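Undergrad: Take this structure, written in C-alpha cells, and hold onto it; I'll ask about it next.
The values are calculated or read from the model by the stated rules, or taken from the named source; none is laboratory data. No experiment lies behind these values; they were computed from the predicted model shown. Positions of Cβ are generated from backbone atoms using ideal geometry, with glycine treated the same way; all protein chains shown enter the neighbour counts. Quick note on the areas: whole protein, heavy atoms, side chains included, nothing else; ligands and nucleic acids left out. Shrake-Rupley method; radii C 1.70, N 1.55, O 1.52, S 1.80 Å.
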Amino acid sequence: MKKLNNILVLVFLLLQAAPAFAQTTDEQLAAQYYQNKEYDKAVIYYEKLFNKKPIPLYYNYYLNCLLELKDYKTAEKVVKKQIKKNEKALNFLVDLGFVYAASGDEGKAKDQYSLALKELTEQQQVFELAKAFVAIKEYDYAIEAYEKGRKLSKGSYPYNFEIASVYELKGDLEKAVAEYLDVLLMSDNYLESVQNALQPSFGENANQKKNDLIKAELIKRIQKYQDKTVYSELLIWMFMQQRDFESAFTQAKALDKRLKEDGKRIMDLGAICASNDKLDVAVKCYEYVLSKGKENYYYVQARMELLNVMYRKIVTQGNYQPAELLALENNYKAALEELGKYSGTVIIMKNLAHLQAFYLNNLDGATALLEEAINMPGVSEVNQADCKLEMADILLMTGDIWEASLLYSQVEKAFKDDPIGHEAKFRNARLSYYIGDFQWALSQLTVLKGATTKLIANDAMELSLMINDNLVMDTVGTALRMFARAQLLSFRNQDSLALVTLDSINKEFPSHALADDILYQRYKIKMRQGKPEEGIVFLHKIADDHGEDLLGDDALFYLGEIYENRLNDLEKAKKYYEELLLKHPDSLYTVEARKRYRKLRGDNVN
C-alpha cells in the first residue's frame, strides 16, 4: 500500500510539472528555430506561446516571425488586437505603422506614426513611444515624441539627454552637442550629468569630430552667456579629460580673473596637475596664485606647494641642471626668510636639507638645518620624527652607519604602530641589507609585510623576496653583497661607482639570478639622471628576458607610467598596463594598473 501511495505522489508531481516542462521545451525550440532563421517553424511555437501567455517577449518574436514570412495580414490582426486591449500603449500604433511600412504602404505607416504622436497626452507614455520609434530607426518621430513630452512636462523635465542621444544615432552630432549644452541654460545642476554623457567622447574611442564641435560650441557660449560660468567649467573639464592641462590652466586663469576669485580654482588645478606629473603646468598654477600678492588667502600655501613641485621635479624626475639646483636652493632660502622658521615651515626646512645633502654636497648646512628643525618649539612629533629620518639618511650617506641605525630605531620605538614608525623600521632593515646583514634584514622585513601602510608592506615584500631569491643558489651571498653595495652607492648619489660595481657583478657572475635586479637598478639610475628614453631600454629587457621573474610586473607597470607621464605616448602606456593585467593578475600593481588603463581607455573613473 505504501509503495502504491509513493507511485501516486510521483505521478501527481509529474503531471503538475508537465505544463511548465512543455512551455520550456516550446520556448527552447522556438528560440532555436528563430536563431537558425527557420521562421516558418519558429512562428508556430511563438504563436502558441503568445496565445498562452501574451507577454511582450513572445509578442515581439511572434510579430517578427510574421514580418520575416511576409504574412502582413496576420501581423496586422495581431497588432490591432493589442491596440484594442491596450488603448494607452502607443507603441502598438508604431508597430502597426511598421507592419504597413514593411508591406510597402508608406502612407498608411506615416498615418499610424502621426496618430501615435497625436494620442500622446500623458507624461508616462513619452519614453515608451520614443523607444518604439528608435527600435524601428524612425529617429525623427522619436525626437518629436520627446519634444512633445518636453511641452507636456511644462518645464519639470527637459528631455535634452534623450533627444541628444537620438541625434547621435542619426549622426547629427551638431544638434546632439547643442542639446547637451542647452540643458545647462536651465540649471548648473545638470553639469555632472552632461559630463557623464560626454565622457565616452574621450579616451580610447575618442570622437575627434564631436570633440571639436563641443569645444567650438563651448567657446561660442562662453562669449554669448558671460554670466553662465558653467560653460567655462565644462571646457576646463574637457581639456583635463584630454590631458591638455596647459589649455585647462589658460581657461581656469581666465575664469579666475573674470570672477575676481581668490585662486582656489587654480590651486585645485595645480594639485591635479601635480598628481598627474604635469609639474610644469603645476608650477604655472602656483606662480599665478603668488602673483595675487601676499595678502591673498592662498599665498603661503601656494609658496609651499610651488617649492614642493620644484623639489619633486628634481628629486623624482631628474630633470635638472646644476644651475637649477642652486636656483631651487635660493628659492627655499628666500621662502624661509619671507615666511620665517617656525613649526609650519619645518617641511620646507627638511626638503632644503635633503637638497643640500644629496644634491649640493652641503652636508654641514643640511645637518645644521635639520637639528634646528628637530629642536624647533611647537614642532609636531610627527614632523620631528620625519626630520630625524632625514638626518639618519644623511648619516647613512656619509658612512656613519651606527648613528643612522640609532636614529631609525628611535623613531621606530616612538611610533611603533604608526606609518612613520613602519617607515623607520623599513629604512633600518634596508640599512642592514646594505651592509650585508641579510638575516637581520629579513627578520625585520617579515614583520613589516603585515604593515598597515600598503606602500611599506609592498616595499618590505619586494626586498624580502629579492634577498631570499638570490640567496637560494648563493648561500654566502657574495654577489648579493656586491649588489647591495652598488645600491648603497646609488643611494649616496655615487652613480658612476654604482655602475662600475654592477658591471663587476655581470663579469664575475654572468648567469646569476641578480640579472633582472641589475637591469632594474640601471633603470633607476637613468631615471634619476633624467634620461627616461635610456631607462626604458632596461625595463624592456626585463619584460622580454625576465618577464616571469619577480620584477616582470614592475617593468610593465613602470613602462606604462613612463610612456604615460614622461613620453606622452598614451597608446603604448595603455598597452603595457593591459599586458600587466593579463600576465600578472595577482600583481601588487594590478589595482593601480587597471585604474590607469581604464582612464586611458576613456572610462569614467572616480
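Undergrad: Report the residue count in region 159-197 for those that are within 13 Å of Asp140 (Cα to Cα) and either of a type in the set (Val, Ile, Thr) or open to solvent by 70 Å² or more (accessible area, probe 1.4 Å) (or both).
TA: The total comes to 5.
Undergrad: Among (1) without any contact (Cβ under 8 Å) to a residue 24 or more places away in the chain; (2) surrounded by fewer than 22 Cβ atoms within 10 Å (Cβ to Cβ), there is one condition Leu559 misses while meeting the rest; what is its number?
TA: Going through (1) without any contact (Cβ under 8 Å) to a residue 24 or more places away in the chain; (2) surrounded by fewer than 22 Cβ atoms within 10 Å (Cβ to Cβ) one by one, Leu559 breaks only (2).
Undergrad: Could you check Asp188 against (1) modelled with pLDDT under 90; (2) acidic (Asp, Glu); (3) over 30 Å from Ile314 (Cβ atoms) and say which number it fails?
TA: The number of the failed condition is (1).
Undergrad: Determine which single condition Asn36 fails, assuming it passes every other condition in (1) surrounded by 11 or more Cβ atoms within 10 Å (Cβ to Cβ); (2) modelled with pLDDT of 90 or more.
TA: It fails just one condition, (1).
Per-residue answers, yes or no, for (1) within 27 Å of His422 (Cβ to Cβ); (2) hydrophobic (A, V, I, L, M, F, W, C):
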| residue | (1), (2) |
| --- | --- |
| Tyr342 | no, no |
| Asn362 | no, no |
| Ala368 | no, yes |
| Cys387 | yes, yes |
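Undergrad: Condition test on Lys333, is it among the basic types (Lys, Arg), open to solvent by 60 Å² or more (accessible area, probe 1.4 Å), out of contact with any Lys or Arg (no Cβ under 7 Å at 6 or more places or on another chain) and outside any helix (DSSP H, G or I)? Steps first, please.
TA: Working: among the basic types (Lys, Arg): yes; open to solvent by 60 Å² or more (accessible area, probe 1.4 Å): yes; out of contact with any Lys or Arg (no Cβ under 7 Å at 6 or more places or on another chain): yes; outside any helix (DSSP H, G or I): no.
Taking the combined requirement at face value, the residue does not satisfy it.
Undergrad: Just for region 543-556: of the residues that are farther than 21 Å from Ile467 by Cβ and of a type in the set (D, E, K, R), which one is surrounded by the most Cβ atoms within 10 Å (Cβ to Cβ)? Don't jump to the end; show me each part of the working.
TA: Filtering region 543-556 for residues farther than 21 Å from Ile467 by Cβ gives 543-545, 547, 556.
Restricting the remaining residues to those that are of a type in the set (D, E, K, R) gives 544-545.
Details: Asp544: 10, Asp545: 14.
Step by step, filter region 543-556, then rank; the result is Asp545.
Undergrad: Name the pairs: first residue in region 87-98 and at positive phi, second residue modelled with pLDDT of 90 or more, Cβ to Cβ under 9 Å, at least 6 apart or on different chains?
TA: Matching pairs, first to second residue: none at all.
Undergrad: If you don't mind, another one. Within region 261-270, is there a residue that is of a type outside the set (S, T, N, Q), on the phi > 0 side of the Ramachandran plot and touching a Lys or Arg at 6+ places or on another chain (Cβ under 8 Å)?
TA: The answer is yes; a qualifying residue exists.
Undergrad: Ok, one more. Go through (1) touching a Gly at 6+ places or on another chain (Cβ under 7 Å); (2) under 27 Å from Tyr576 (Cβ atoms); (3) open to solvent by less than 40 Å² (accessible area, probe 1.4 Å) one by one and return the number of the condition Ala484 breaks.
TA: Going through the list (1) touching a Gly at 6+ places or on another chain (Cβ under 7 Å); (2) under 27 Å from Tyr576 (Cβ atoms); (3) open to solvent by less than 40 Å² (accessible area, probe 1.4 Å), Ala484 breaks only (2).
Undergrad: So, one more: Pick from region 109-139 the residues that are closer than 24 Å to Met186 by Cβ and among the charged types (D, E, K, R): which of them is modelled with the highest pLDDT?
TA: Lys131
Undergrad: Hey, which of the helices (runs of 4 or more DSSP H) in region 207-282, taking only ones fully inside, have at least 1 residues that are modelled with pLDDT under 95, loosely packed, with under 15 Cβ neighbours inside 10 Å and not aliphatic (A, V, I, L, M)?
TA: It comes to 208-224, 245-258, 264-275.
Undergrad: Turning to a different aspect of this structure: Please count how many residues of region 511-538 are small (Gly, Ala, Ser) and either assigned to a helix (DSSP H, G or I) or surrounded by 21 or more Cβ atoms within 10 Å (Cβ to Cβ) (or both).
TA: Adding up the residues that qualify gives 2.
Undergrad: Right, next: If you take the residues in region 59-79 that are outside any helix (DSSP H, G or I) and charged (D, E, K, R), which one is surrounded by the most Cβ atoms within 10 Å (Cβ to Cβ)?
TA: As a first pass, look at region 59-79 and keep what is outside any helix (DSSP H, G or I): 69-71.
If we keep only those that are charged (D, E, K, R) as well, we get 70-71.
Working: Lys70: 11, Asp71: 16.
Of everything passing the filter in region 59-79, Asp71 is surrounded by the most Cβ atoms within 10 Å (Cβ to Cβ).
Undergrad: Same structure, new question: Quick check on Asp569: is it touching a helix residue (DSSP H, G or I) at 6+ places or on another chain (Cβ under 9 Å), free of Cβ contacts under 8 Å to residues at least 12 places away in the same chain, open to solvent by 20 Å² or more (accessible area, probe 1.4 Å) and within 30 Å of Lys599 (Cα to Cα)?
TA: yes
Undergrad: Let me ask something additional. Report the residue count in region 446-467 for those that are assigned to a helix (DSSP H, G or I), in contact with a helix residue (DSSP H, G or I) (Cβ under 6 Å, 6 or more places away or on another chain) and either hydroxyl-bearing (Ser, Thr, Tyr) or under 13 Å from Gly421 (Cα atoms) (or both).
TA: Number satisfying all stated conditions: 3.
Undergrad: List every residue pair whose Cβ atoms sit under 7 Å apart, with the two residues 6 or more apart in sequence or on different chains, where the first one lies in region 181-199 and is over 16 Å from Ser156 (Cα atoms) and the second, anywhere, is open to solvent by 30 Å² or more (accessible area, probe 1.4 Å).
TA: From region 181-199, the pairs are Leu181/Glu217; Leu191/Glu233; Ser193/Phe161; Gln195/Trp237; Asn196/Asn604; Ala197/Phe161; Gln199/Asn604.
Undergrad: Looking at this structure, is Lys137 under 24 Å from Ser165 (Cβ atoms) and of a type in the set (Lys, Arg)?
TA: Numbers: under 24 Å from Ser165 (Cβ atoms): yes; of a type in the set (Lys, Arg): yes.
Here the answer is yes, as Lys137 does meet what is asked.
Undergrad: Quick one: which of Glu261, Glu305 is among the charged types (D, E, K, R) and more than 30 Å from Tyr558 (Cα to Cα)?
TA: Glu261
Undergrad: Ok, one more. Residues of region 572-602 being open to solvent by less than 60 Å² (accessible area, probe 1.4 Å), more than 10 Å from the chain's Cα centre (by Cα) and in contact (Cβ under 8 Å) with a residue 40 or more places away in the chain, which ones?
TA: Step one: filter region 572-602 for residues open to solvent by less than 60 Å² (accessible area, probe 1.4 Å), giving 573-574, 576-577, 579-581, 584, 587, 589-590, 593, 596-597, 600, 602.
Then keep just the ones that are more than 10 Å from the chain's Cα centre (by Cα); that gives 573-574, 576-577, 579-581, 584, 587, 589-590.
Lys574 - this is the single residue of region 572-602 that is open to solvent by less than 60 Å² (accessible area, probe 1.4 Å), more than 10 Å from the chain's Cα centre (by Cα) and in contact (Cβ under 8 Å) with a residue 40 or more places away in the chain.
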